[in-house]
Amino acid sequence: MESITVRKMAFEFPQDMELVFIEHDPAFSFLFLGTWMLLPFLEPYLMRTIRTAMNETKDEALRHDMRQFCSQEGQHYQQHARANEQVLAVMPEIARNQMRQQLAAIETQYRSFSEKRTLTWNLAYAEGFEAYTAAGARTQLELRVFDTMKDPIRDLMLWHIMEEVEHRTVAFDAYEALGRGYLYGLRVGIWAQNHFVGLGKALAATMIEAFPDLMAAHDNPEAKSVRDRNRSIYMRRTLKNLAPIYLPWYSPRRMPLPPMYDEARAEYNRRAVSTTP
Ligand SMILES: [Fe+2]
Ligand SMILES: [Fe+2]
């Protein structure tokens, strides 16, 4: 297993940041952006869960990985919080206020999970999220979707999903050690996936509604044919790569790693302000 490296990055999110970072596809761009807007609340929740689990295990190797997991997620959510502020800054005022309300409700909900749910449930949620994210990262790296995306969102996404692949075993191992078996993990994991995708879709819907002119500008046959083709390739590969995570013998250790994974690790090792292996 490769090491989990904590990389501090210095991304810039300028005022004129391109929100439609997926070519010809504002709705899909907003779906990704909407889901990432949860991260400053979701990732601290994962960190609280893994820190609590750390007190319950004496396995030194796992405790080390848990620490690295928390440090990586800590970097991720801080970068996403900065990106969020820039997204919110360009939103029309009504939509911005609506999104701030949505985000406040999301924060309350994740805090209540930490306070009211069992550690077992929270670990199953964490692994449901991490397995889904790792499979998604695999799809994106295999298809090299980044080649046609626009910076700085592309950069943020590639760095983040590469590190998600790097720490893909941690929540899995934590659930294996302290969880309640396959069926419980499957049930809570699927619930978790529907939960965070649903929250992301609701934020994306606010963004779509806020930019009718932008949506209309992309409503032409040329744009439609490009996005239909790209989405169909993406969705087919997503289904193929997601299927294994629901099987009883799933292990993130057996996940095939596309060549772009090592390329991204090398690139961000080189560009990081600091690294902690
Ligand atoms: Fe993350
Ligand atoms: Fe993660």
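All of the numbers you see were taken from the coordinates with simple rules; none came from a lab. Because the structure is a prediction, the values reported are computed rather than measured. Cβ: placed from backbone, ideal geometry, glycine included. Neighbour counts: every protein chain shown.
The C-alpha atoms of the chain define a longest principal axis, and helix 153-166 lies at about 20 degrees to it. Shown in residue order for the range 62-73 are the 3J(HN,Hα) couplings computed by the Karplus curve 6.51 cos²θ - 1.76 cosθ + 1.60 at θ = phi - 60°: 5, 4, 4, 4, 5, 5, 5, 4, 5, 5, 5, 4 Hz (x for Gly and Pro).
Between TYR77, TYR110, TYR184, the GNM of the chain built on Cα springs shorter than 10 angstrom shows TYR184 fluctuating the most.
Restricting the calculation to alpha carbons of the range 23-276 gives Rg and Dmax of 18.3, 59 angstrom. Taking each residue as 0.36 nm, the span from THR57 to ALA205 lengthens on full extension beyond its C-alpha to C-alpha distance by 49.1 nm.
Put simply, the amide H of VAL6, placed in the peptide plane, has neighbours under 5 Å in THR276, leaving out anything fewer than 5 places away on its chain. How tilted is helix 119-143 with respect to the longest principal axis of the chain? Cα atoms for both, answer in degrees (0 to 90, nearest 10). It is inclined by approximately 50 degrees. Distance between the 7 Å Cα→Cβ label points at TYR246 and ASP228: 2.8 nm. Quick one: angle between helix 26-37 and the longest Cα principal axis of the chain, in degrees between 0 and 90, rounded to 10, please. That helix lies at roughly 40 degrees to the long axis.
Think of the range 23-276 as a dipole: +1 on every Lys or Arg Cβ, -1 on every Asp or Glu Cβ, centred on the Cα centre; then among ALA95, LEU141, PRO244, PRO244 lies furthest on the positive end. Stretching ALA89 away from GLU2 to a fully extended chain increases their span by 27.5 nm, per 0.36 nm per residue minus the current alpha-carbon distance. From least to most packed, judged by other beta carbons within 10 angstrom and beginning with the fewest, LEU158, LEU183 follow the order LEU183, LEU158. Highest mobility in the GNM of the chain, judged by mean-square fluctuation with C-alpha springs under 10 Å and restricted to TYR261, TYR45, TYR182, is found for TYR182.
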